């Protein structure tokens, strides 16, 4: 709470003591969209015009609006500035989205966001045996932070692997999916993207590893989420021949009833 008050007084001090610059501008960006505990965040941007002896004021807050970092940053002669933060210590204990806010001169404020995962929330890789009915079972390797996996099942009608989770807070799940049981392919048999839907809302994902045997994807989720649908084009070889046609229909239907939630922010 004290750091919030200090930041507010710093802003008020700037408003009282600085001359008005109608064209004052500031930008801010980070060197990544996501970090784990122990990573170094590099925050940088540009401020103009340069006001002598006037720093950029920086604040990082978590999703609960708690301040985890506050700083005054000197601006270089070319108007650039940068600041590094090590994601460790008691303040860095909550998983989820963090916001970087910077202020410079009167009314010149910018912000950007990133996701953070503390090590204490990370679960070691586990194996879930998925029931494929009369086709037996197949294994999915996974790791999750911020929650637990309650079940995995298939819906062959929409070519989906459905992961049911119980969340403790915001987090992510990484899944290694075997190609011989579940995949997404174009008509020319090159890799296609999966459709990811969480509780009826389409979300993006990151694919970290792709090889001849499996595909590894990471999906971010929010506290309270429960059902993650991963829609491909083939699930169990016997059902793969008409997958592309059915998937096309499914995609159109899905887009009509869903909207994007996790937008990747455009960084300055």
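Quick notes on this structure:
- Virtual spin-label span in nm between residue 206 and residue 189, 7 Å along Cα→Cβ: 3.2 nm
- Cβ-Cβ FRET estimate between residue 180 and residue 150, R0 fixed at 35 Å, reported to 0.05: 0.90
- The distance between label points at residue 80 and residue 25 comes to 1.7 nm (points 7 Å beyond Cα on the Cα→Cβ vector).
- Residues 35, 104 arranged by fewest to most Cβ contacts within 10 Å: 35, 104
- Projected label distance in nm at residue 166 and residue 40, using a 7 Å step from Cα toward the beta-carbon: 4.1 nm
- Value of relative contact order over region 114-208, rounded to a whole percent, pairs C-alpha under 8 Å and six or more apart: 20 percent
Bear in mind these aren't lab numbers, they're just calculated from the coordinates by the rules spelled out. This one's a predicted model, so the numbers in the text were calculated from it and none came from an experiment. Every residue, glycine as well, gets a Cβ built from its backbone with ideal geometry; the counts of neighbours run over all protein chains shown.
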